[in-house]
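The values are calculated or read from the model by the stated rules, or taken from the named source; none is laboratory data. Bear in mind that the values here come from a model prediction, so they are computed numbers and not experimental data. Cβ atoms come from the backbone with ideal geometry, glycine included; neighbour counts cover every protein chain shown.
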C-alpha cells in the first residue's frame, strides 16, 4: 500500500513539474510575441545645435553673441547642422551671412561664408555700395584696435602752400573727408583672437561710388588716417551727413572740419587758409606818409589821395 501511494505521489509531482515548465515556456513565447508586435519606444537622445539667437540679415558680420545652442532631437539633426562639440560660436566670428537666417534657425555653412572665400566681399556689401582698401599703420590704424564692423571717420593730412607774398613755409593741415564709414575687413581677416590687437597693413571700407573716387584722390594728396567712432551715436553729430549712393550729401550736411598747424602751435606762422587768420581779407593802403588797412571788399580810395 505504501509503495502504491509513493508511486502515485511521484507521478503527481512529475506531472506538476511538467505542467509548470510547459506553462513557463508558453508565457515566455507570448511575451516575445507581444514585444515583437509592439516594441517599447525609448526616447532618442537629444543633441545641441547652433542656431541664430535673433534674425540675421544678409551681409551681416557674425559675432559670438549672434548665435546660441539649442537642444535638438537626434533624429531631426541634419548633417549640415553644427552640433555641440564639433565647433564653437567663436569659430564663426567674422563670417558673413550669405542669406537671411531667422531667429532659432540652425546655422549651416551654406548660409554663411568664411573670410577669404570666393564671394565674401559681395556678400558683405550692401546694395549700391562699393569696397575700397586703404593703407594703415600703427598710428593711422589706432594700434590695431579697429576691427571689421566698426564705424570710422577718414582723415587726410597734407601740406598747404602759403598765399601770395607769404613766407616759404609750407603749412600742414588735417581734414576729415569722410564720416561714419563701415569697416568690412582688416588685412582680409574678419576675426581675431580674444584680447589680441593685430596691427594691419590695409583696411577695407564700405563706401559709395562717389566716395571711392574721393578716397582714391585723398591717397594721392596726403597721408590717410582712421578715427574710431563710438558704438552709441551722438545726439547731434558735428560732422557732415553721409553721402548718398549718388555721391550727393543731404541738405542739412555741415561743412567738412579741418585744422591747420597754426591752430595747434601759436609759434608757427598763420596760414591764409586757417580759421585763425584774423588778417584774412585785409589789404594795406599807403596814403601820403600814412599807412592803414581796409577790407578787400571795401570801396577803393578816392583818386588823388
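Here are a few things to note about the model shown:
- Within the stretch 237-255, being modelled with pLDDT of 50 or more and under 26 Å from the mean Cα position of the chain (by Cα) holds for one residue alone: 237.
- Being closer than 30 Å to residue 211 by Cα, within 17 Å of the chain's Cα centre (by Cα), surrounded by 18 or more Cβ atoms within 10 Å (Cβ to Cβ) and free of Cβ contacts under 8 Å to residues at least 40 places away in the same chain holds for only one residue in 61, 113, 56, and it is 113.
- Whichever residue in the stretch 1-48 is surrounded by 10 or more Cβ atoms within 10 Å (Cβ to Cβ) and outside any helix (DSSP H, G or I) and, among such residues, is modelled with the lowest pLDDT: 44
- Qualifying residue in the stretch 101-109 (condition: within 24 Å of residue 206 (Cα to Cα), under 17 Å from the mean Cα position of the chain (by Cα) and surrounded by 12 or more Cβ atoms within 10 Å (Cβ to Cβ)): yes
- Test: residue in the stretch 67-76 that is under 20 Å from residue 150 (Cβ atoms) and not in a loop (DSSP other than H, G, I, E, B): no
- Residue check for residue 80: assigned to a helix (DSSP H, G or I), at pLDDT 85 or above and closer than 26 Å to residue 51 by Cβ: no
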